[in-house]
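Read through the structure below, which is laid out as structure tokens, and then see the notes.
Here, each number is a calculation from the coordinates, and none is a lab measurement. Predicted, not measured: the structure shown is a model, and the values here were computed from it. Cβ sites come from the backbone with ideal geometry, for glycine too, and all protein chains shown count toward neighbours.
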Amino acid sequence: MAPNISYMNWIIEKSNKLRFHTNLEVLLVPIVSRIRTLKWFVSDLDLNTDALSYLPIGHDQNYYILDSKEMDLCRKINPQVVWGYLAAFDRHTDIKFDRNSLPYVEGNSEIWDSSNWLLDNSLIEMICWDSSYTIIKFKEQEVSDKWRQLFDEAIDLDVWTTKQRSKAIIDVYPRPCEPSPKKRYDPSP
């Protein structure tokens, strides 16, 4: 049976257009006009840049909410997002999330499922996975089509995950983080 192709959820494994994963300056160019109408939720960040002090994001908080100008600044400064979750919302939408259970990337098997959105009311999700893959999901066909015109090497996420599962790669790694079992205190020597 053929996989259910959504045509709006993509993964970039290799690209000659990007100097590195996740090259925000280039990745967001096709949809920059749409970006200017959005606000952004950012979490689970690991950045690589020599301009960290100029960015409205960093390593000092668990999450950030950025307006369109702050996101545009991130795009222009262009840090390498090694690990990270970025979600875009209409600027008039309330971003609903649980502060005790923030969206995360590393060790989260749900990111590979195109039908799963870590924040339900987001319009765009960008998942930066270990400087190796960039997953980008769209809820608006027109925005997806515009982005896909530049990134024709992007692979439909459902097709990619089906292929990887057949190789047993993503069923083995990454796994969701599991808490380690609690050990009881044993006073005996």
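Just a few scattered comments:
- Sum of side-chain charges, residue 29 neighbourhood, beta-carbon under 12 Å (Lys, Arg +1; Asp, Glu -1): +3
- The range 1-127 - percent relative contact order, Cα under 8 Å, separation 6 or more: 28 percent
- Summary of the geometry: the range 26-94 and the range 114-132, compared by the centres of their Cα atoms, lie 13 Å apart.
- Global geometry of the range 14-149, whether rounded, prolate or oblate, following the gyration tensor of its Cα atoms and the 1.5 cut on a/c: rounded
- Among the listed pairs 14/139; 96/167; 76/139; 14/39; 69/163; 14/76, those whose Cα-Cα separation exceeds 32 Å are 96/167; 69/163.
- Global geometry of the range 89-160, whether rounded, prolate or oblate, following the gyration tensor of its Cα atoms and the 1.5 cut on a/c: oblate
- Phi to ³J(HN,Hα) by Karplus 6.51 cos²θ - 1.76 cosθ + 1.60 over the range 103-111, Hz, x for Gly, Pro: x, 9, 10, 4, x, 9, 5, 5, 5
- Between residue 139 and residue 25, full extension at 0.36 nm per residue minus the direct alpha carbon distance yields a gain of 38.9 nm.
- Under the Karplus curve 6.51 cos²θ - 1.76 cosθ + 1.60, θ = phi - 60°, whole-Hz ³J(HN,Hα) for the range 114-130, x wherever Gly or Pro sits: 5, 7, 9, 10, 5, 10, 4, 8, 6, 9, 9, 10, 10, 10, 9, 10, 6
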